[in-house]
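Have a look at the structure below, then the notes.
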Amino acid sequence: MSVNLTGSRSLLSPDRAFRAIALMAAIATATTLAIIFIVLVAGSVPAISESSIPELIAANAGPIFGTVATALIAIVVAGPIGILGAVYLVEFAPKRVAIVLTFIVELIAAIPSVVFGLWALNDLSVRLRDSVEWWIAGSIGKILPFLSEDSDNPAADSVFRAGFLVGIMIVPLVVSLSREIIRAVPISLREGYIGMGATRWETIRHVVLPTARIGIIGALMLALGRALGETIAVTMVIGGSNDVPASLFQPGSTIATRIATTLPEAGPEEKSVLIALGVILFLVSLGLSLAMRLAARQTAKITASVK
């Protein structure tokens, strides 16, 4: 029996070519990220040489705090809504309803951020102040000072409203990505668990979501990146104060809004400081992403130990 070695090699060559292309794409991505980081660090050297890194962070504590606070509020708002929305579209919605709702979600994702900002400026901000903020400040705020509010003179803008607005903006992203990930869970896993007597909810809780957990975390991380970098809409409702607010219901700023509002009139020294803030934003984004991954991993371990 003879073996056609030439044919075998020809069959392997497309695999090798694809592997090489994929490797080059991965290297290009990592190289681009490294170049961006190196360029930012080089541009921030004058600011770092004038003052130490701790002094630079202390001088810009307000924007750093606002960046982290708005991003976390956005994820708290968008995460549960987006994941539950994706579960409904995949597991419960009739096909026609799912098609319509998916189109609406994609349409919302295409709305420019400045339109969201105008809506928040003229309507949403007031509604949040008179409803959600008032309820949180009147209940949880009595225990946690950073959630308190001056009921006689509520602020016109606040960090909370900016985070809530960004949360609404990133819901479509979480829904779209989580939907595709949940759809990729094999039908056989669902049918096998239901065949053992499990309900639909038990199947989703114990099979679908754990199987799709890594992908959903990736979707939340992408949404977190969007939340950290949002500028226009946040600038319109956060207030523009560079101090650390005593409460989330007071005005503040983020690194992105600070850079956007200051850069046009910045001189060489101040521009170096803004570039240093860009490096800090890069590191904050990386740190929050790693924290989310570690938290998800610890949650999975705790869940497994309970079972």
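Every number in this text was worked out from the coordinates using simple rules, so none of it is lab data. Being a predicted model, the structure only gives us computed values, none of them experimental. Positions of Cβ are backbone-derived with ideal geometry, glycine not excepted, and every protein chain shown enters the neighbour counts.
Here are a few things to note about the model shown:
- Inter-probe distance in nm under a simple model that places probes 7 Å from Cα toward Cβ, at Trp134 and Ala184: 4.5 nm
- Rounded to whole Hz, the Karplus (6.51, -1.76, 1.60) HN-Hα couplings of the stretch 254-263, x for glycine and proline: 10, 4, 5, 5, 4, 5, 5, 7, 9, 4
- Amide H within-cut-off set for Gly252, under 5 Å, with H built and near neighbours excluded: Val159, Gly239, Gly240, Ser241
- Backbone geometry of the stretch 197-207 corresponds, through the Karplus equation with coefficients 6.51, -1.76 and 1.60 at θ = phi - 60°, to 3J(HN,Hα) couplings of x, 6, 7, 4, 5, 5, 5, 5, 6, 9, 10 Hz, x marking Gly and Pro.
- Both the radius of gyration and Dmax for the chain are 23.7, 93 Å, in that order, over alpha-carbon atoms.
- Of the residues Ala198, Ala260, Ala212, the one that moves most in a GNM of the chain with alpha-carbon contacts below 10 Å is Ala198.
- Candidates per chymotrypsin sites (Phe, Trp or Tyr not before Pro) in the stretch 26-122, loop by DSSP, up to 10 other Cβ within 10 Å: none
- Footprinting exposure proxy for Ile27, Ile83 (fewest neighbouring C-beta atoms within 10 Å first): Ile27, Ile83
- For the options Val185, Val171, Val77, a Gaussian network treatment of the chain with springs between C-alpha atoms closer than 10 Å singles out Val185 as fluctuating the most.
- Note on the chain: with charges restricted to the Cβ of Lys and Arg (+1) and Asp and Glu (-1), its dipole about the Cα centre is near 1700 debye.
- Selected from Ser125, Ser49, Ser272 as most flexible by GNM, with the chain as the system and alpha-carbon contacts under 10 Å: Ser49
- Bins of 5 Å, starting at 0 and running to the largest distance - Cα pair percent for the stretch 144-257: 2, 11, 16, 14, 12, 10, 9, 9, 8, 6, 3, 1
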